[in-house]
Amino acid sequence: MTNAREVAMSQPSQPVRRSRARSGIALGLAAAAVAVTAGACSSNASGLGSPDHPSLKVGLIDSIGAVPFQIGTSSTQHSFMDAGLTITVQKFATQSDELGALATGGIDIAYGEYAQFLDSSSQLANNGDIRVVSEGYDASAGTIGLVTRSGTTLPKWGPDDATHRLFDCNGPFTIAVPDKHGIEYLALAGWLGSLGSALPSDCAAIVEVPNPAQIIGGVAAGRYSAAALQEPYVTGSEINAGLQMSQDLVTGNAASVPVDGYFATKAFVTQYPKTTAIFAAVMAKLQSESSERVIVETALHQSNTIDPKVIAMMQLGSYPSVVLPAKLDIVLRLMDTAGTRTGQMDSSKLTDLNN
């Protein structure tokens with residue numbers, strides 16, 4: 001079995017539905033913060049005035065998508081402090097624990113994956129009590145892919161006819177995913193659906209394996225035919241296990257799909273509108289500054305948890321500075337395809353911070 005060292009990385013951005021730890025990347029951000037020139041976003045400059053809730057508890061699961069926030073809260077930059085906010089960061093091992101803390105008021109804002117926080121089994125999402133405060137990280141071409149052993153040719157999946165065949169949920173072609181409710185699965189289901197070979201929710205040929213390092217080792221050893229993975233695991237699997245990306249999954253309905261965001265409850269954003277607006281304004285600035293790849297690469301190099309060759313070669317997504325309902329619709333459509341969305345959610349409600 002391939003371990004984390006063999007694939008030369010920890011687990012920085014792999015979500016777990018309700019039990020597995022999302023990641024363990026403790027970013028060393030001092031050099032990255034120096035690279036971002038000091039002019040932090042101040043409340044006076046933004047015209048938002050003073051926060052109505054100055055002490056803010058933010059839940060975090062470390063990942064590549066959280067780099068801008070971690071830069072802003074590093075010891076060498078005081079973006080939130082200069083805007084009048086005192087940030088207390090609380091780390092979580094799983095997104096279920098983080099969701100629980102958000103629902104009970106243990107934290108005020110939570111960073112996490114859209115596919116997890118908006119899942120139909122989330123009580124906050126089901127009750128319409130969750131709001132998107134800031135964008136976090138969006139996928140781009142090549143950041144989520146279907147990887148196989150080198151030389152593998154994918155079957156011609158599609159409508160069952162003379163030239164194509166439906167994806168067979170009874171095998172023998174098996175695909176490992178970190179989570180059947182995660183973004184990798186949503187992108188995979190969306191791609192197969194676009195071919196006319198939709199996945200049923202109980203498809204036995206889709207195997208859930210929480211640890212991406214074990215997934216890579218399983219594909220390399222032939223235990224799984226393929227795997228749907230995010231970066232940096234796509235590139236890590238190529239460099240360290242000799243795998244290949246056989247299909248880019250950030251395509252079609254999953255093109256530029258939002259992956260991570262910052263969430264609060266409806267009650268919090270309506271009770272503390274100034275704090276919410278100031279947090280969003282600071283995040284927008286930090287997100288914009290992180291559009292330079294060198295900033296993100298510097299942070300990842302400082303973390304010493306990802307192979308430098310992987311950092312240099314991997315595809316990187318984007319850090320949007322504006323929450324757009326139309327972008328969230330991409331996630332919701334993929335959730336519809338995969339059967340993980342509650343009918344009560346819509347993008348206009350998710351982005352409404354006044355109601």
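The values are calculated or read from the model by the stated rules, or taken from the named source; none is laboratory data. In this text the structure is predicted, and so the values were computed from the model without any measurement. Every residue, glycine as well, gets a Cβ built from its backbone with ideal geometry; the counts of neighbours run over all protein chains shown. Accessible surface is based on the protein model in full, side chains and every heavy atom, while ligands, DNA and RNA are left aside. Shrake-Rupley method; radii C 1.70, N 1.55, O 1.52, S 1.80 Å.
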Within the accessible area of the range 246-355 (1.4 Å probe), percent carbon and sulfur: 49
Computed label-point distance, nm, for sites residue 161 and residue 255 using a 7 Å Cα→Cβ extension: 2.3
The range 68-85 - phi-based ³J(HN,Hα) in whole Hz, Karplus 6.51/-1.76/1.60, Gly and Pro as x: x, 4, 5, 5, x, 9, 6, 5, 9, 9, 10, 4, 6, 4, 5, 8, x, 10
Apportionment of accessible area to carbon and sulfur, the range 75-228, percent (1.4 Å): 49
Label-to-label distance, nm, for residues given as residue 88 and residue 76 (7 Å Cα→Cβ offset): 2.8
Length gained when the stretch residue 150-residue 324 is fully extended (0.36 nm per residue, less Cα-Cα span): 58.8 nm
Under-5 Å amide H pairs with residue 133, H placed in peptide plane, nonlocal only: 262, 263, 264
Cα centroid separation, the range 64-130 to the range 163-202 (Å): 30
Volume per residue that the Cα convex hull of the range 137-285 spans, once the total is divided by residue count, Å³: 136
Heavy-atom surface of the chain, accessible at 1.4 Å and reported per residue (Å²): 38
Under the Debye formula (equal points on every Cα, no solvent term), log10 I(q)/I(0) of the chain at q = 0.14 Å⁻¹: -1.11
Karplus (6.51, -1.76, 1.60) ³J(HN,Hα), θ = phi - 60°, over the range 133-143, in Hz, Gly and Pro reported as x: 8, 8, 5, x, 7, 10, 6, 9, 3, x, 7
Along the chain, longest interval not containing exposed GluC sites (Glu not before Pro), exposed being DSSP loop plus at most 16 other Cβ atoms within 10 Å: 7-291
P(r) weight above 16 Å for the range 132-187, C-alpha pairs, percent: 64
Between 0 and 90°, nearest 10: helix 273-289 axis offset from the chain longest Cα axis: 60
Sites excluded, trypsin sites (Lys or Arg not before Pro) in DSSP loops with at most 16 other C-beta within 10 Å, longest stretch of the chain: 19-155
Using alpha-carbon coordinates, inclination of helix 212-221 to the longest axis of the chain, degrees: 20
Order of exposure, largest accessible area first, which applies to 275, 73 with probe 1.4 Å: 73, 275
On Cα atoms only, tilt of 293-303 relative to the major axis of the chain in degrees: 90
The range 288-310 and the range 232-284: distance between their alpha carbon centers, rounded to Å: 16
Table column - 3J(HN,Hα) (Hz), the range 147-154, Karplus curve with 6.51, -1.76, 1.60, x for Gly and Pro: 9, 9, 5, 4, x, 6, 10, 5
Additional length obtainable on full extension of the chain from residue 121 to residue 104, 0.36 nm per residue less Cα span: 4.5 nm
Gyration tensor (Cα) of the range 77-119, equivalent ellipsoid semi-axes in angstrom: 23, 11, 9
Fraction of beta bridges assigned by DSSP in the range 139-243 that are antiparallel (%, nearest 5): 50
